[in-house]
Amino acid sequence: MANMKNIYFISDLHLQATEPKIVHAFLYFLKEYAAHAECLYILGDFFDAWIGDDDKTILVKQIKNALQSLTQSGVPVCFMHGNRDFLMGQRFAKETGVELLADPTLLELHGKKILLMHGDLLCIDDLKYQQFRAKVHDPKFQKRVLCLPLFVRRALAGWARYKSKKHTDKTDRILQDVNQAEVLKVMQHYDADILIHGHTHRPAFHEIDLDNKKAQRIVLAAWHDAGHYLCLDPNGTFTTGSLPTQG
Ligand SMILES: [Mn+2]
């Protein structure tokens with residue numbers, strides 16, 4: 001039987017205390033959209049930085065409570081790590097009722113194979129970034145970082161953001177986008193009909209020719225000035241929408 005409710009996909013909210021409008025937009029989205037959904041998928045860079053599940057800032061508490069209310073009301077929430085919140089762990093999952101997803105994850109909905117990714121794995125032309133990614137995804141590295149006091153981790157996160165911005169500013173925009181050959185390779189490997197990812201902040205619906213079929217790559221929008229979502233309705237149609245910005 002087909003789903004009777006909408007499924008939502010969001011990513012790249014970059015939640016941070018200094019952007020209360022985006023935080024409010026997310027809470028509004030939960031109340032007005034996600035609360036009535038079949039399921040919510042958050043595909044990474046949900047937080048602008050995540051320094052460990054033991055962080056207890058007001059923002060963290062607020063978002064945790066909101067997610068917990070949603071999952072307790074019976075709406076499943078699935079979370080995939082981005083490059084900003086790769087330290088999100090099982091404790092966060094347990095406290096909020098959110099399920100952590102591997103990158104990539106393959107779904108089957110409406111008879112279509114839908115591959116979910118954050119998107120950074122597809123940007124293989126940015127060699128420096130891929131080296132950094134391999135390092136910070138090493139469980140040994142993560143364990144060492146998580147042993148540091150919170151104030152040290154907070155400082156490290158600030159430094160990492162500064163370095164990341166510097167790298168982004170001086171790296172060619174083309175290198176920072178997905179590599180087309182890698183997209184085809186990954187989609188072929190999973191025999192995917194649709195790939196959904198964020199990360200690049202270049203929202204679009206791309207038509208893709210795989211050897212045996214027409215496929216689609218849907219890129220989610222980042223939440224800069226407003227909130228954005230991708231919706232899969234009960235008929236199997238994808239639509240995008242933006243949330244009203246509040247004063
Ligand atoms: Mn990202």
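All of the numbers you see were taken from the coordinates with simple rules; none came from a lab. Bear in mind the structure is a predicted one, so any value in this text is a computation, not a measurement. Don't worry about glycine lacking a Cβ; one is built from the backbone with ideal geometry, like all the others, and counts go over all protein chains shown.
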Computed over segment 1-121: relative contact order in percent, which uses C-alpha pairs under 8 Å that are six or more apart: 25 percent
Residue among LEU195, LEU156, LEU106 with the largest mean-square fluctuation in a Gaussian network model of the chain, springs linking Cα atoms under 10 Å: LEU156
If you count the DSSP beta bridges with both ends in the chain, what percent of them are antiparallel, to the nearest 5? 50 percent
Kirkwood-Stokes translational diffusion coefficient of segment 5-58, alpha-carbon pairs, 37 °C, 0.692 mPa s, µm²/s: 270 µm²/s
Using a Gaussian network model of the chain with C-alpha springs under 10 Å, which one of VAL136, VAL98, VAL77 is most mobile by mean-square fluctuation? VAL136
How many nm is it between the label spots at VAL136 and ARG91, if each spot is 7 Å from the Cα in line with the beta carbon? 1.9 nm
By how many nm would the segment from LYS128 to ALA155 grow when fully extended, if each residue of separation counts as 0.36 nm and the alpha-carbon distance is taken off? 7.5 nm
Say R0 is 45 Å: what FRET efficiency, to the nearest 0.05, do SER73 and LYS170 get from their beta-carbon distance? 0.50
Pick out, in residue order, every one of the trypsin sites (Lys or Arg not before Pro) in segment 96-178 that is DSSP loop and has at most 16 other C-beta atoms within 10 Å; say none if there are none. ARG173
What percent does the relative contact order of segment 184-230 come to when contacts are Cα pairs within less than 8 Å and at least six residues apart? 35 percent
Show log10 I(q)/I(0) for segment 1-116 at q = 0.09, 0.12, 0.13, 0.23 Å⁻¹, two decimals, from a solvent-free Debye sum over equal Cα scatterers. -0.23, -0.41, -0.48, -1.52
Going through LYS21/LYS165; LYS64/LYS135; LYS56/LYS135; LYS166/LYS214 one by one, the pairs whose alpha carbons sit over 32 Å apart turn out to be LYS166/LYS214
Inverting the mean 1/r over all pairs of different Cα atoms, compute the Kirkwood radius of the chain and quote it in Å. 18.7 Å
Work out, step by step, the length gained on full extension between ASP233 and LEU106: first 0.36 nm times the residue separation, then minus their alpha carbon distance; give nm to one decimal. 43.9 nm
How about LYS143: which aspartates and glutamates have a C-alpha closer than 19 Å to its C-alpha, ignoring those fewer than 8 places off in the same chain? ASP53, ASP54, ASP55, ASP85
Nearest 5 percent is fine: what portion of the DSSP beta bridges confined to segment 196-235 is antiparallel? 75 percent
Only four residue types carry charge here, +1 at the Cβ of Lys and Arg and -1 at the Cβ of Asp and Glu. Report the dipole size of segment 113-206 about the Cα centre in Debye, rounded to the nearest 20. 760 debye
Just to be sure I understand: with springs between alpha-carbon atoms less than 10 Å apart, which residue in HIS189, HIS224, HIS110 has the highest mean-square fluctuation in the Gaussian network model of the chain? HIS189
Relative contact order (percent) for segment 88-210, with alpha-carbon contacts under 8 angstrom and 6 or more residues of separation? 38 percent
What's log10 of I(q)/I(0) for segment 167-247 at q = 0.11, 0.22 Å⁻¹, Debye sum over Cα points only, no solvent? -0.38, -1.11
Could I get the Rg over Rh figure for segment 208-247? Both from C-alpha atoms, Rh via Kirkwood, rounded to two places. 1.14
Distances over 25 Å make up what percent of all Cα-Cα pairs in segment 77-207? 34 percent
If neighbour count is taken as other Cβ atoms inside 10 Å, put PHE29, PHE132 in order from fewest to most. PHE132, PHE29
So, how do all the Cα-to-Cα distances of segment 90-144 break down into 10 Å bins, in percent, from 0 on up? 19, 33, 36, 12, 0
Test of the criteria: in segment 1-46, which trypsin sites (Lys or Arg not before Pro) are in a DSSP loop and have at most 15 other Cβ atoms within 10 angstrom of their Cβ? LYS5
